[in-house]
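Colleague: What follows is a structure written as structure tokens; I'll ask about it next.
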Amino acid sequence: MADVSVTQHPQLAALLAGDFPLRFMTVTIESGQVQPAGAVLGEVTATSEFKLSATGAADGSETPSVVLWEDVDASGGAVQAEALITGDVRFSELTLGTGHTEASVRKALRSLSLFVH
């Protein structure tokens, strides 16, 4: 696995929007991805790696499932990073993939106990 290059979100307090319990998990970010903290990611079914969720994808990642907790540079290969799996987040601090809207992300993440405000 490539070296990990991680920068903590400069305004983590801005990303959080409430007091629902925060839970995290370590995920593998697909090679070629350079994403900021707050990126809404989906899981690629075939590899279990995560990438920016886009509605036009047909690999499983079209369904948002986590919010990236830290800036990640996987341009040199897949890397591991921390992702938020439960909590309250501000929509204004999220990075969405092509085709996603506030409504689509809110609906997909709500069932996972990730609440978008």
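Colleague: Please find, among 42, 99, 60, the residue that is in contact with a strand residue (DSSP E or B) (Cβ under 6 Å, 6 or more places away or on another chain) and part of a loop (DSSP other than H, G, I, E, B).
Modeller: 60
Colleague: Does the range 65-96 hold any residues that are of a type outside the set (Gly, Ala, Ser), in a strand (DSSP E or B) and over 22 Å from residue 19 (Cβ atoms), and which are they?
Modeller: Selection gives 71, 72, 73, 79, 80, 95.
Colleague: What are the pairs with Cβ atoms under 9 angstrom where one residue, in the range 102-115, is within 14 Å of residue 17 (Cα to Cα) and in contact (Cβ under 8 Å) with a residue 60 or more places away in the chain and the other, located anywhere, is hydroxyl-bearing (Ser, Thr, Tyr) and surrounded by 14 or more Cβ atoms within 10 Å (Cβ to Cβ)? Sequence gap at least six, or different chains.
Modeller: Hits for this filter: 113/86; 115/86.
Colleague: In the range 29-66, what residues are among the β-branched types (Val, Ile, Thr) and surrounded by fewer than 18 Cβ atoms within 10 Å (Cβ to Cβ)?
Modeller: 34, 44, 45, 47, 55, 63
Colleague: Now for a separate question. So which residues in the range 16-56 are among the hydrophobic types (A, V, I, L, M, F, W, C), closer than 25 Å to residue 117 by Cα and over 12 Å from the mean Cα position of the chain (by Cα)?
Modeller: 16, 17, 20, 22
Colleague: Which pairs do you get when a residue that is closer than 20 Å to residue 12 by Cβ, found in the range 53-71, comes within reach of a residue that is at pLDDT 95 or above and of a type in the set (Ser, Thr, Tyr), reach meaning Cβ atoms under 7 angstrom, with the pair 6+ apart or on two chains?
Modeller: Here the result reads 64/53, each pair linking the range 53-71 to a residue that is at pLDDT 95 or above and of a type in the set (Ser, Thr, Tyr).
Colleague: Okay, next question. Exactly one of these conditions fails for residue 109: (1) crowded, with 20+ Cβ neighbours inside 10 Å; (2) part of a strand (DSSP E or B). Give me its number.
Modeller: Single failed check for residue 109: (2).
The values are calculated or read from the model by the stated rules, or taken from the named source; none is laboratory data. This one's a predicted model, so the numbers in the text were calculated from it and none came from an experiment. Cβ atoms come from the backbone with ideal geometry, glycine included; neighbour counts cover every protein chain shown.
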